[in-house]
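Sharing a structure here in structure tokens format.
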Amino acid sequence: MFPTTLIEPARQWFKKYKKHSISSWKKLSSEFKRAFRDSKATCVEAYSLANIKQQPGEFLKAYMSKFYNVAARARNANDSSKLMEMRTGILVGGDLWQELQRKGVKSVDEFMT
């Protein structure tokens, strides 16, 4: 049940564990706290998501990971603002950018699909 409660950065962190490799809740809890203790302390404003851009040569997966790491700490960031900032951060002219121009998306889930 634990993984179903996680948002994207923590979900990605949890995926690194192989099935049945977690020996105790205490160990998992300790590693989780160590991995995310610094991110809780530094909240950012939702408008700062506009600064996250996919760089030339950067894989989409890396961009999305970078975006979600910041978005998880953003105050006042709703799905609509996250969607807008993700779309504007995609590398202009790339395949996904062109697809978004043609089709458009209305939700974060639709974007991720």
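The values are calculated or read from the model by the stated rules, or taken from the named source; none is laboratory data. No experiment lies behind these values; they were computed from the predicted model shown. In this analysis, Cβ positions are derived from the backbone assuming ideal geometry, glycine residues included, and neighbour counts consider all displayed protein chains.
Give me the residue from region 1-13 that is in a helix (DSSP H, G or I) and out of contact with any Phe, Trp or Tyr (no Cβ under 8 Å at 6 or more places or on another chain) and, out of that set, nearest to M112 (Cα to Cα).
It comes out as R11.
Can you report the number of residues in region 71-85 which are without any contact (Cβ under 8 Å) to a residue 40 or more places away in the chain and either touching a helix residue (DSSP H, G or I) at 6+ places or on another chain (Cβ under 6 Å) or on the phi > 0 side of the Ramachandran plot (or both)?
Result for region 71-85: 9.
For P56, only one of the following conditions fails: (1) part of a loop (DSSP other than H, G, I, E, B); (2) surrounded by 11 or more Cβ atoms within 10 Å (Cβ to Cβ); (3) of a type outside the set (K, R). What is its number?
For P56, the exception is condition (2).
Please find, within region 32-48, the residue that is modelled with the lowest pLDDT out of those that are in a helix (DSSP H, G or I) and surrounded by 14 or more Cβ atoms within 10 Å (Cβ to Cβ).
S39
Which one is surrounded by the most Cβ atoms within 10 Å (Cβ to Cβ), of the residues in region 63-108 that are of a type in the set (A, V, I, L, M) and not in a helix (DSSP H, G or I)?
Filtering first and then ranking leaves I90.
Do we find that N51 is loosely packed, with under 14 Cβ neighbours inside 10 Å and on the phi < 0 side of the Ramachandran plot in this structure?
Yes.
Show the residue pairs that are 6+ apart or on different chains and have beta-carbon atoms under 7 Å apart, the first residue being within region 14-29 and in a helix (DSSP H, G or I), the second being aliphatic (A, V, I, L, M).
F14/L6; L28/I22
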